1. Kindly list the number of the only condition in (1) more than 19 Å from residue 63 (Cβ to Cβ); (2) modelled with pLDDT under 90 that fails for residue 111.
2. Among the candidates 366, 341, 370, which residue alone is buried (at least 21 other Cβ atoms within 10 Å of the Cβ) and within 25 Å of residue 297 (Cβ to Cβ)?
3. Of everything in the stretch 45-66, what is under 15 Å from residue 13 (Cα atoms) and touching a strand residue (DSSP E or B) at 6+ places or on another chain (Cβ under 8 Å)? Give them in sequence order.
4. Please state which of the following conditions residue 75 fails to meet, knowing it meets all the rest: (1) modelled with pLDDT under 95; (2) farther than 27 Å from residue 193 by Cβ; (3) part of a helix (DSSP H, G or I).
5. Residue under question is residue 306, and the condition is that it be surrounded by fewer than 18 Cβ atoms within 10 Å (Cβ to Cβ) and outside any helix (DSSP H, G or I); does it hold?
6. Return yes or no: is residue 47 surrounded by 22 or more Cβ atoms within 10 Å (Cβ to Cβ), at pLDDT 90 or above and assigned to a helix (DSSP H, G or I)?
7. Show the residue pairs meeting these rules: Cβ distance below 9 Å; 6+ apart or different chains; first residue within the stretch 44-70 and in the same structural domain as residue 365 (by TED's automatic domain parsing); second residue modelled with pLDDT of 95 or more and surrounded by 15 or more Cβ atoms within 10 Å (Cβ to Cβ).
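The values are calculated or read from the model by the stated rules, or taken from the named source; none is laboratory data. Source: prediction; values computed, not measured. Here the Cβ is made from the backbone with ideal geometry for all residues, glycine too, and neighbour counts use every protein chain on show.
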């Protein structure tokens, strides 16, 4: 009755540290602090967005999943047939729950494993599959469980790994193409992660931990991030000069994360939160490393006072994301308040060329806003130099 069997595991706490400026969600203390700051759990919503693509195929898919908010709840809501293979001992799930759920699901040999989270979740999935493969190899000489194809639904703060789809909708499209027989090849993708403590102190230390098999559809599956800072200071100086020339002390500037914006802030003689969001007003840093909730209040105040606003952001090298990766403080409410016409994307042409023709990506968590932001945008690539680049949600 069900020709397709998919596993599903959700890390329900993935991404809760992003909008409240904690730059990650690893560890019970971080999760508790994020919830205390008013963070929302959005992983299930992102899974629902991905799986909504599969609603026309409901009668052909069986899911094997974990109980409650690790999978069963969203499948029940969407009306998918499913079997529960794992029950977490507590509502506050841990990495061990992800690993045990993956193990319980993988041993039932689904066609593919879908999981939602960030890089820490991808590491947990890889570890569990490796352990399953070793156990199977010891038992019967067949370690094929490690080759179980996976599709990651991005829901975390850190998404360095190449096992994730570009967006939740992209993950759904990959699964739809598998069901319709349009995808036949698999490729190895790196599982990457960074040191969250170093990340909070402004240092990116990315490391490759494992490989997993993913569908070879590059249109929907993301590339591994390019590490390191921009090195062409002359180009960055030109970009900074262009932005600074147009700045007005009476405008509220929201400065996004990343090394290109960091260079601009240094040219303004401002201290900068490399991996956070800062607010600049009347020539000073009004608020450094601002949270999503704080920023929403600030832009509301600006609207009430009729204060002009501008948002300066860059893209993630290798992926092209301008929203939804490492800058969740820029919530849909903030982006709408600023307005599309007041968003200034800055990047070197080398960074754009490294995308090999792929569009810039927006993944705000709001499908309607993603559609509004899609189209073309003029990226500042030098002094009085603009490059038209496509944007897709």
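1. (1)
2. Working: 366 fails: buried (at least 21 other Cβ atoms within 10 Å of the Cβ); 341 fails: buried (at least 21 other Cβ atoms within 10 Å of the Cβ).
From the options 366, 341, 370, the qualifying one is 370.
3. If we filter the stretch 45-66 for residues that are under 15 Å from residue 13 (Cα atoms), which is where we start, we get 45-47, 66.
Listed by number, the residues that qualify are 46, 47, 66.
4. Every condition holds for residue 75 apart from (1).
5. Numbers: surrounded by fewer than 18 Cβ atoms within 10 Å (Cβ to Cβ): yes; outside any helix (DSSP H, G or I): yes.
Taking the combined requirement at face value, the residue satisfies it.
6. Values: surrounded by 22 or more Cβ atoms within 10 Å (Cβ to Cβ): yes; at pLDDT 90 or above: yes; assigned to a helix (DSSP H, G or I): yes.
For residue 47, the condition - surrounded by 22 or more Cβ atoms within 10 Å (Cβ to Cβ), at pLDDT 90 or above and assigned to a helix (DSSP H, G or I) - is met.
7. Between residues of the stretch 44-70 that are in the same structural domain as residue 365 (by TED's automatic domain parsing) and residues that are modelled with pLDDT of 95 or more and surrounded by 15 or more Cβ atoms within 10 Å (Cβ to Cβ), there is no close pair.
Residues are listed down the side, and each one gets a yes or a no for (1) at pLDDT below 85; (2) within 17 Å of residue 117 (Cβ to Cβ); (3) in a helix (DSSP H, G or I); (4) out of contact with any strand residue (DSSP E or B) (no Cβ under 7 Å at 6 or more places or on another chain):
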position: 138; (1), (2), (3), (4): yes, no, yes, yes
position: 142; (1), (2), (3), (4): yes, no, no, yes
position: 146; (1), (2), (3), (4): yes, no, yes, yes
position: 151; (1), (2), (3), (4): no, yes, no, no
position: 156; (1), (2), (3), (4): yes, yes, no, no
position: 160; (1), (2), (3), (4): yes, yes, no, no
position: 171; (1), (2), (3), (4): no, yes, yes, no
position: 174; (1), (2), (3), (4): no, yes, yes, no
position: 177; (1), (2), (3), (4): no, no, yes, yes
